[in-house]
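J.: The structure under discussion is supplied below as structure tokens; questions concerning it will follow.
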Amino acid sequence: MDQPIIPPRKVSELVVERLMQRVERGEWPVGTRIPAEPELVAELGVGRNTVREAVRALEHAGILEPRRGDGTYVRAADGLDAALTRRARTTDALHVLEVREILERGAARAAAGQADADALHRLDAALAAQVAARDGDEQAFQAADVAFHGEVVRAAGNPLLADLYDGLDHALVRTLPAGGQRRHHRDVPGHAEVVAAVRAGDAEAAEAAVVATIDAVRAQLVEAAADGPGRADADAGEVEA
């Protein structure tokens with residue numbers, strides 16, 4: 001019996017796949033602006049309307065986010081990330097932080113029991129990048145900090161846990177107001193300590209270091225909320241840990 005004829009796929013669907021590959025491979029990290037439409041048209045060799053249709057499809061899926069007058073930004077790394085971000089936006093930032101703490105504490109304990117040399121190497125590199133970015137601009141520090149915490153969770157060796165954590169982390173990175181109030185959070189405790197504890201195979205110390213970090217972030221969220229109604233849930237700024 002002959003196989004059914006499968007109609008050719010729309011070019012815009014192929015463009016969606018190509019753009020998603022860049023997000024999933026980390027070429028376009030969450031929070032970064034994607035190339036402008038003319039650049040994508042030239043690079044992909046397709047029409048302007050095709051690129052526009054593909055970008056809109058990813059916007060509807062929660063992967064991309066248009067910002068009036070400032071281009072289009074990556075909002076989520078994948079479908080799971082987008083779903084978690086949508087759910088987290090309907091709850092209190094402190095609740096998001098609480099779930100993140102549960103995941104990261106367990107991940108730190110598991111990482112301490114892995115004795116994974118490659119994971120330790122990635123942790124060292126991520127910590128060095130985070131420390132180096134503390135005196136830089138906010139976007140660079142935010143990216144380095146999110147990457148560091150992601151490596152702590154990935155060191156546990158559970159890819160599903162890493163995906164869940166990434167989605168929550170991206171949802172939380174929006175909560176303190178812009179300006180000088182955001183500078184003090186860069187020196188919160190626990191970053192170097194969790195790496196040292198994982199290297200030593202000390203699960204208790206690794207978990208304690210995570211608790212110290214989360215407690216500092218919680219204090220910042222409470223402070224932001226006290227500064228004005230809704231500040232802890234505002235989308236105007238970011239908090240990193």
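The values are calculated or read from the model by the stated rules, or taken from the named source; none is laboratory data. The shown structure was predicted, so the numbers you read here are calculated from the model rather than taken from an experiment. Glycine also receives a Cβ, built like all others from the backbone with ideal geometry; neighbour counts cover every protein chain displayed. Surface accessibility is based on the protein's heavy atoms, side chains included, excluding ligands, DNA and RNA. Shrake-Rupley method; radii C 1.70, N 1.55, O 1.52, S 1.80 Å.
J.: Within the stretch 21-31, identify whether any single residue is outside the structural domain of Ala208 (by the TED database), under 30 Å from Glu223 (Cβ atoms) and open to solvent by 40 Å² or more (accessible area, probe 1.4 Å), and answer yes or no.
T.: Within the stretch 21-31, one or more residues are outside the structural domain of Ala208 (by the TED database), under 30 Å from Glu223 (Cβ atoms) and open to solvent by 40 Å² or more (accessible area, probe 1.4 Å).
J.: Here is a follow-up. For Glu37, all conditions in the list (1) free of Cβ contacts under 8 Å to residues at least 40 places away in the same chain; (2) surrounded by 15 or more Cβ atoms within 10 Å (Cβ to Cβ) hold save one; what is the number of the exception?
T.: Every listed condition holds for Glu37 apart from (2).
J.: Which condition number in (1) modelled with pLDDT of 90 or more; (2) not in a loop (DSSP other than H, G, I, E, B) is the one that Pro35 fails?
T.: (2)
J.: Does any residue in the stretch 120-144 that is more than 14 Å from Val188 (Cβ to Cβ) come within less than 6 Å, Cβ to Cβ, of a residue that is open to solvent by 70 Å² or more (accessible area, probe 1.4 Å) six or more places away or on a different chain, and which pairs are these?
T.: The qualifying pairs are Leu120/Arg199.
J.: Looking at the stretch 57-75, which of its residues are modelled with pLDDT under 90 and in a helix (DSSP H, G or I)?
T.: Once the filter is applied, which keeps residues that are modelled with pLDDT under 90 and in a helix (DSSP H, G or I), the stretch 57-75 yields only His60.
J.: For Ala107, are the conditions met, namely being crowded, with 21+ Cβ neighbours inside 10 Å, hydrophobic (A, V, I, L, M, F, W, C) and at pLDDT below 85?
T.: Against the criterion (crowded, with 21+ Cβ neighbours inside 10 Å, hydrophobic (A, V, I, L, M, F, W, C) and at pLDDT below 85), Ala107 does not qualify.
J.: Just name the residue that is most open to solvent (accessible area, probe 1.4 Å) out of those in the stretch 40-92 that are within 14 Å of Val11 (Cβ to Cβ) and in contact (Cβ under 8 Å) with a residue 40 or more places away in the chain.
T.: Glu53
J.: Let me ask something additional. If a residue must be within 15 Å of the chain's Cα centre (by Cα) and not aromatic (Phe, Trp, Tyr), how many such residues does the stretch 125-158 contain?
T.: Of the residues in that region, 17 qualify.
J.: If you scan the stretch 77-100, which residues turn out to be outside any helix (DSSP H, G or I) and not hydrophobic (A, V, I, L, M, F, W, C)?
T.: Asp78, Arg89, Thr90, Thr91, Asp92
J.: Pick out the one residue from Ala129, Ala133, Ala125 that is loosely packed, with under 15 Cβ neighbours inside 10 Å, under 22 Å from Trp28 (Cα atoms), out of contact with any Leu (no Cβ under 6 Å at 6 or more places or on another chain) and modelled with pLDDT of 85 or more.
T.: The conditions single out Ala125.
J.: In the stretch 60-82, how many are among the aliphatic types (A, V, I, L, M) and over 13 Å from the mean Cα position of the chain (by Cα)?
T.: 2
J.: Go through the residues of the stretch 14-32 one by one and say whether even a single one is over 25 Å from the mean Cα position of the chain (by Cα) and part of a helix (DSSP H, G or I).
T.: yes
J.: Of everything in the stretch 167-226, what is of a type in the set (Val, Ile, Thr), under 15 Å from Leu127 (Cβ atoms) and modelled with pLDDT of 85 or more? Give them in sequence order.
T.: The answer is Val194, Val195, Val198, Val210, Thr213.
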